[in-house]
1. Just for the stretch 1-53: of the residues that are of a type in the set (Val, Ile, Thr) and under 19 Å from the mean Cα position of the chain (by Cα), which one is farthest from Glu207 (Cα to Cα)?
2. Give the number of residues within the stretch 208-228 that are free of Cβ contacts under 8 Å to residues at least 24 places away in the same chain and either exposed (fewer than 13 other Cβ atoms within 10 Å of the Cβ) or in contact with a helix residue (DSSP H, G or I) (Cβ under 8 Å, 6 or more places away or on another chain) (or both).
3. Which condition number in (1) within 21 Å of Leu203 (Cβ to Cβ); (2) buried (at least 20 other Cβ atoms within 10 Å of the Cβ); (3) not aromatic (Phe, Trp, Tyr) is the one that Ser70 fails?
4. Looking for whichever is touching a Lys or Arg at 6+ places or on another chain (Cβ under 9 Å), under 25 Å from Leu175 (Cβ atoms), hydrophobic (A, V, I, L, M, F, W, C) and not in a loop (DSSP other than H, G, I, E, B) here; the options are Phe66, Phe90, Phe107. Which one fits?
5. Specify which of the listed residues (Lys201, Lys161) is closer than 27 Å to Thr115 by Cβ and touching a residue at least 12 places away in the same chain (Cβ under 8 Å).
6. What are the pairs, 6+ residues apart or on separate chains, where a residue within the stretch 67-82 that is within 15 Å of Tyr54 (Cα to Cα) has its Cβ under 8 Å from a residue that is assigned to a helix (DSSP H, G or I)?
7. Determine, yes or no, whether Gln78 is assigned to a helix (DSSP H, G or I), surrounded by fewer than 17 Cβ atoms within 10 Å (Cβ to Cβ) and not acidic (Asp, Glu).
8. Taking the residues in the stretch 95-137 that are among the polar types (S, T, N, Q) and farther than 15 Å from Leu181 by Cβ as candidates, determine which candidate is surrounded by the fewest Cβ atoms within 10 Å (Cβ to Cβ).
Amino acid sequence: MLQFVMPYHDGPSAERFQLILDHWNDLVEMASPFHLLLAGPPSYRLRTQLPHSYFDYVEPPDEKRFRRISKKWATIAQHIEENIECTCWFWWESDVTPVKKDCFEFFLRLWSERTRIMGFHVKDKMWGMHHCLNGAAFYARRYWSYLQPWFGFAGSFDTRKPFDPQTERAEFVELNRWYALVHHEKRLRLTPAMRLVHGIKDLSLLEQLLEGKRNYTVVPGWYRALRYRERVFRLLLNPKRVGKPES
C-alpha cells in the first residue's frame with residue numbers, strides 16, 4: 001500500500017489540498033491500494049470520500065519555518081514506522097502537483113525492496129542539499145530508523161544525509177527525468193515525460209491541468225536536462241550565488 005501524507009498548517013495550505021482532493025479523479029488514477037494521512041491542526045479539516053485518517057498536529061508558533069517543518073516530518077515519519085503498514089509513503093506538500101494521472105503508479109513501479117528514498121536528486125549546492133533528495137519524496141516505511149543518526153532540527157529537513165550516486169543508487173532512486181523541482185531549477189519546464197512538479201505555489205499549473213490553460217509550455221526532455229546541468233555547473237564555479245533557506 002502507498003501511504004500519502006498531506007501536511008497542512010494554515011488556511012491556504014489546507015485550501016490547496018482541498019482543491020486537489022475535490023479534483024482527485026481528474027488528477028490521479030490509482031490501481032494500487034492507497035491511504036491518505038491528513039496531517040494538520042484540527043481547526044482545519046479536509047473533506048474527502050477517499051480512504052483517509054487524520055493526524056492532528058499543531059506546529060509550534062515560536063519556531064522558525066524550516067524547524068517547524070523538520071519537527072513535523074520527524075513526528076510523522078516515526079508515527080508511520082511504528083503504527084502504519086505500508087510499502088512506502090509519500091510526503092505530499094501543498095505545492096506538489098501530479099501532471100499525469102499515472103504519476104504514482106509509474107513511480108511505484110520503480111520502487112524495490114532495497115529502496116530507502118525516491119525523489120528529486122539535487123545536484124547543485126543550493127541550501128546545502130548537494131547529493132540529497134528533496135523532501136517531497138517517497139520513503140521506506142522504516143526510513144526514520146535509518147535516518148535518525150544523521151537527522152537534526154536545524155534548517156530544513158531536506159539537508160539529510162547525502163548519498164553516493166554511484167554506490168547507493170539502489171537505495172536512493174533518482175526521479176529527475178520525471179520530477180521537476182522548481183526551487184532548484186528556477187523555472188518550470190514541462191516535458192512529455194513529466195509526472196510530478198514541486199514548487200508552483202499559485203494555481204497556474206492546476207488551472208492548466210484542470211481547465212486546459214496554456215500557462216507552461218512543453219519542451220524536450222534533453223533541453224530541460226541541459227539547462228539544469230548548466231545551472232549546476234555555474235553554481236559549482238561560483239558558490240557565492242547559492243542562497244540560504246528562508247527562516
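The values are calculated or read from the model by the stated rules, or taken from the named source; none is laboratory data. None of these values were measured; they are calculated from a predicted model. Here the Cβ is made from the backbone with ideal geometry for all residues, glycine too, and neighbour counts use every protein chain on show.
1. Checking each candidate, the answer is Val5.
2. 7
3. The one condition Ser70 does not meet is (1).
4. Answer to the check: Phe107.
5. Lys161
6. Ala77/Tyr143; Ala77/Trp144; Ala77/Leu147; Ile80/Trp144
7. yes
8. Ser112
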